[in-house]
1. With the structure loaded, tell me whether Ala107 is in contact (Cβ under 8 Å) with a residue 24 or more places away in the chain, aliphatic (A, V, I, L, M) and surrounded by 12 or more Cβ atoms within 10 Å (Cβ to Cβ) or whether it fails that test.
2. Suppose the filter is under 15 Å from Leu2 (Cβ atoms) and either under 20 Å from the mean Cα position of the chain (by Cα) or among the small types (Gly, Ala, Ser) (or both); does Lys125 pass it?
3. Can you pull out the residues in the stretch 70-104 that are polar (S, T, N, Q), surrounded by fewer than 20 Cβ atoms within 10 Å (Cβ to Cβ) and in contact with a Leu (Cβ under 8 Å, 6 or more places away or on another chain)?
4. When you go through (1) within 28 Å of Arg123 (Cβ to Cβ); (2) over 10 Å from the mean Cα position of the chain (by Cα) one by one for Asp31, which number turns out not to apply?
5. Taking the stretch 74-97 as the search range and keeping residues that are part of a strand (DSSP E or B) and under 21 Å from Trp12 (Cβ atoms), which one is farthest from the chain's Cα centre (by Cα)?
6. Taking the stretch 15-71, which residues are in contact with an Asp or Glu (Cβ under 6 Å, 6 or more places away or on another chain), closer than 21 Å to Val110 by Cα and in a strand (DSSP E or B)?
7. Quickly run through the stretch 88-104 and pick out the residues that are in contact (Cβ under 8 Å) with a residue 24 or more places away in the chain and under 24 Å from Gly57 (Cβ atoms).
8. For residues that are in contact with a helix residue (DSSP H, G or I) (Cβ under 6 Å, 6 or more places away or on another chain) and either loosely packed, with under 12 Cβ neighbours inside 10 Å or in contact (Cβ under 8 Å) with a residue 40 or more places away in the chain (or both), tally how many sit in the stretch 6-44.
Amino acid sequence: MLSYSRSLQIEWGDCDPAGIVFYPRYFAMFDHNTTMLISKASGLTKPQLLKHYDFAGYPVLSTQAKFMIPNIFGDTVEIESTFTRVGRSSFEIRHELKKGVKIAVEANEVRAWVKGAADDKTRIKSHPLPEDLAAKFRGE
């Protein structure tokens, strides 16, 4: 399955008063990696992807994380995100945030591929992934 990784430095604004990364910030970091992973697979930016496939997005259906090592302001970390399952209209991604060689945070998320509902464009509804894109997610 396809992966994407990047290094980043923990910023002052990522941290809580205790001086460690405030846990919701990790989910923002993972969300950015998800977008970059999908851009890597498709060869398109997110705006181009939305237009090309005429869809509404890929919202999170579920997520969970395990926090093992705290990160503080100034730490340099590596985030690797990998597709672990590609279904008909949903996909799963595993994120590993490493501090050096140790995993500091591991997370999983399930996302749906959605379009506007045919009967009410203010609502979204899951829709099958385009097969060409699903194959790219699988690394084919």
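No lab work stands behind these numbers, since they all come straight from the coordinates. Source: prediction; values computed, not measured. FYI the Cβ positions are ideal-geometry reconstructions off the backbone, even for glycines, and counts take in every protein chain you see.
1. On the way: in contact (Cβ under 8 Å) with a residue 24 or more places away in the chain: yes; aliphatic (A, V, I, L, M): yes; surrounded by 12 or more Cβ atoms within 10 Å (Cβ to Cβ): yes.
Taking the combined requirement at face value, the residue satisfies it.
2. Numbers: under 15 Å from Leu2 (Cβ atoms): no; either under 20 Å from the mean Cα position of the chain (by Cα) or among the small types (Gly, Ala, Ser) (or both): yes.
For Lys125, the condition - under 15 Å from Leu2 (Cβ atoms) and either under 20 Å from the mean Cα position of the chain (by Cα) or among the small types (Gly, Ala, Ser) (or both) - is not met.
3. So in the stretch 70-104, the residues polar (S, T, N, Q) come out as 71, 76, 81-82, 84, 89-90.
Restricting the remaining residues to those that are surrounded by fewer than 20 Cβ atoms within 10 Å (Cβ to Cβ) gives 76, 82, 84, 89-90.
Across the stretch 70-104, the qualifying residues are Thr76, Thr82, Ser89, Ser90.
4. (2)
5. So the first thing to find is which residues in the stretch 74-97 are part of a strand (DSSP E or B), and the list is 76-86, 90-97.
Now restrict to residues that are under 21 Å from Trp12 (Cβ atoms): 76-79, 97.
On the way: Thr76: 19, Val77: 16, Glu78: 14, Ile79: 10, Leu97: 12 Å.
Out of the qualifying residues, it is Thr76.
6. Just the residues of the stretch 15-71 that are in contact with an Asp or Glu (Cβ under 6 Å, 6 or more places away or on another chain), to begin with: 21-22, 25, 60, 63, 66.
So of that shortlist, the ones also closer than 21 Å to Val110 by Cα come out as 25, 60, 63, 66.
Val60, Thr63, Lys66 - these are the residues of the stretch 15-71 that are in contact with an Asp or Glu (Cβ under 6 Å, 6 or more places away or on another chain), closer than 21 Å to Val110 by Cα and in a strand (DSSP E or B).
7. Start the filter on the stretch 88-104 by keeping residues that are in contact (Cβ under 8 Å) with a residue 24 or more places away in the chain, which leaves 88-91, 93, 95, 97, 99, 102-104.
Those that are in contact (Cβ under 8 Å) with a residue 24 or more places away in the chain and under 24 Å from Gly57 (Cβ atoms): Arg88, Ser89, Ser90, Phe91, Ile93, His95, Leu97.
8. 4
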